[in-house]
Amino acid sequence: MTATLRREPGAATAASRSRGLVLPGVVALLSAGVFALVRPHLVDDTFITLSYARNLAFHAHWGLIPAETSNTATSPLNVLLLAALTVVLRNAVLAAGALFVLGQVALALALRRAGDRAGLPAWFAPGAVALLTVNPLLLSSIGLEAELGAAGLAWLLVCAADRRPVAFGVLTGLLTLVRPDLVVIALVLFALRARFWVKAWQSVLAAAAVALPWFAFSWVVLGSAVPDTVIIKTLQKSWGPWDFGNGPGLYAEVFPLATVAAFLPAALALLAFAVCLVDAARRGPLWTRVRPFTPLVPAGIAHYLAYSRLHVPPYHWYYGPSLVAATLFLAAVAAATVRVPARVAAATAVAGVLVVSVGAYAAGGLPRRFAPLMSNHAATADYERIGPELGRLVGGGTVRSGGEIGVLAYSCGCAIVDLFDDRGAVGPAIAERKAHLGALGRALVDANFRFFDFGDRPIVTDFALVRGDPPAGALAHWTLTSPWAGIQQLYLVRGNGSGA
């Protein structure tokens, strides 16, 4: 006689919940370790965001420095979330680590749900998270809004597949607050749903309800609906013939291994997309399983083309959304492959990407002084050392930056200014940009800056940081070194640094 063991429903539910916590728990633990590893080389623009968050948390002030209101935080949602965490943790850098961990967990949970719905194996979600986490470009973007964008994109994919129009609209609004350009990806995912027009009005209204209040506040109170960086970045000419469209070629010259590892998933995703289209024509099983993820590729392409059209400089984090979309699709195809030879090839490709990416990071030595991909003129640690020295030298005076302001503004405890926080200098920049635009472009700029105070005058500084040859009467001198810009000298001088 065989005894039959019966499990109580409560015990089964508890066991299921425990298993469900394994993925987010492991992702959270490993992500905390990743942040600790990359903390020494958080890029300069990260500290612009952290300065905004700290000022908002401790002074209820929207600006890069406490003395000036500015509107150059490209991701208002990132600043708001970081500020909320900073209020609790009392440290903006620690808040950035916490937000990165939370974003990674949200990403993993969304991918697990999307994978389960598509019938993909359980390793899809952790595999996709691993591919994104070790990508050199995304590792170099931690602290910026790349992680929020990835998590939001994954949940947007879930809502599109689940036919939840209101949730889709809410997430679209949130993604627009993460970065306005992410609306391009949201629109493509929206348009490529089956019968996308059904209850489309609900998505539109939900997105507007979430995003418009902030943009209205920013437009009227801060002087521009879209941040001033839309003007600042398009005016930067120091990149020579390089812009977003051909920018990967420039990074390949300076960081060849890291660039290959960063963009390899995109190349493999395009190849996999072509294979899936062939499979769709044959009505094969691969297309059926991977179909919910196929809009990611055209969405990533659309985002890349839209940025290329703007001719902005190739800051590495601008490529993040396209790479996230491509990597998620690549992981889905690898997980959806059923035939043994194809499965071996897919597993080999994914493993190869992971090995190359980890190798590219470790090749710089551990711990690294510089991010795998970056365009800064000095290591973060060097700017963190210079900042307090600069603060002591200038005291209560105002100093004009020498081209990079993030880490110095965060660490010097002084009033350091440039276009990122000097609204008086933004006015002439707007006029300069309008001179190169057509009628429609000028109209859009005028609308965006309808409430901008053009009466503000540029800040007159007491000191300036200048790079180059030794100026007469320099008050201090520091050597800057980076793989991007080589060895440069940074000097502190009196006045505005123009030599006048």
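The values are calculated or read from the model by the stated rules, or taken from the named source; none is laboratory data. Because the structure is predicted, anything quoted here is derived from the model rather than measured. As a convention, Cβ positions derive from the backbone with ideal geometry for all residues, glycine included, and neighbour counts pool all protein chains shown. Surface accessibility is based on the protein's heavy atoms, side chains included, excluding ligands, DNA and RNA. Shrake-Rupley method; radii C 1.70, N 1.55, O 1.52, S 1.80 Å.
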Can you bin the stretch 380-500 into rounded, prolate or oblate? Criterion: square roots of the alpha carbon gyration tensor eigenvalues sorted a ≥ b ≥ c, rounded for a/c under 1.5, prolate for a/b above b/c, oblate for the rest. prolate
Linear extension gain, Arg39 paired with Leu444, 0.36 nm per residue minus alpha-carbon span: 141.9 nm
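For the stretch 88-220, state the average projected area of the convex hull of the C-alpha atoms over all orientations, rounded to one decimal in nm².
Values: hull surface 37.8 nm².
That works out to 9.4 nm².
Top to bottom by accessible area (1.4 Å), largest first, where do Phe215, Phe124 land?
Details: Phe215 35, Phe124 0 Å².
The ordering from most to least exposed comes out as Phe215, Phe124.
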Using only the alpha-carbon atoms, how far is helix 340-362 inclined from the longest principal axis of the chain? Give it as 0 to 90 degrees, nearest 10. 20
Once R0 is set to 35 Å, what does the formula 1/(1 + (r/R0)^6) return for the Cβ-Cβ distance between Ala267 and Ala209, expressed as a FRET efficiency to the nearest 0.05? 0.35
Could you rank Thr74, Thr49 by how accessible they are, 1.4 Å probe, largest area first? Thr74, Thr49
Heavy atoms of Lys237: accessible area, 1.4 Å probe, square angstrom to 10: 150
Report, by chain and number, residues whose modeled amide H sits under 5 Å from the one on Leu144, excluding near sequence neighbours (fewer than 5 apart, same chain). none
Kindly provide the helix-only [θ] at 222 nm of the chain, computed as the sum of -39,500 (n - 2.57) over DSSP H runs of four or more divided by all residues, to the nearest 500 deg cm²/dmol? -20000 deg cm²/dmol
Once the Cα atoms of helix 92-118 and of the chain are each reduced to a long axis, what angle between those two axes, in degrees from 0 to 90 to the nearest 10, is obtained? 30
Taking a ≥ b ≥ c as the square roots of the Cα gyration tensor eigenvalues, with a/c under 1.5 meaning rounded and otherwise prolate when a/b beats b/c or oblate if not, the stretch 193-268 comes out oblate
If you stretched the chain out fully between Ala363 and Ala476, how much longer would it get, using 0.36 nm times the residue separation minus the C-alpha to C-alpha distance? 37.2 nm
Per residue accessible area in Å² of the chain, where ligands, DNA and RNA are left out and the probe is 1.4 Å: 44
Solitary cysteines of the chain, where the nearest other Cys Cβ is not under 4.7 Å: Cys159, Cys276
List the aspartates and glutamates whose alpha-carbon lies under 12 Å from that of Lys434, not counting same-chain residues fewer than 8 positions away? Asp446
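Could you order the peptides 423-433, 451-461, 166-176, 97-107 from most to least packed, using the average number of other C-beta atoms within 10 Å per residue?
On the way: 423-433: 17.9, 451-461: 14.2, 166-176: 23.4, 97-107: 21.4.
The densest-packed peptide leads the list: 166-176, 97-107, 423-433, 451-461.
Tell me, what is the percent relative contact order of the chain, built from C-alpha pairs under 8 Å that lie six or more residues apart?
Details: 799 pairs, mean separation 91.4, N = 500.
The normalised contact order for the chain reaches 18 percent.
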Extension gain Arg494-Val220, at 0.36 nm per residue separation less the Cα-Cα distance, in nm? 95.0 nm
With everything on Cα atoms, drop me the angle between helix 200-221 and the longest principal axis of the chain, reported from 0 to 90° to the nearest 10. 20
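Counting only protein heavy atoms and using a 1.4 Å probe, what share of the accessible area of the stretch 328-427 belongs to carbon plus sulfur, as a whole percent?
Details: 2280 of 3510 Å².
Carbon plus sulfur share of accessible area: 65 percent.
Can you check what the net charge comes to around His436, using other residues whose Cβ is under 12 Å from the Cβ of His436 (Lys, Arg +1; Asp, Glu -1)?
On the way: positive: Lys237, Arg433, Lys434, Arg442; negative: Glu432.
Residues near His436 contribute +3 overall.
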Gyration tensor verdict on the stretch 308-350 (Cα atoms; rounded if a/c is under 1.5, prolate if a/b is larger than b/c, oblate otherwise): prolate
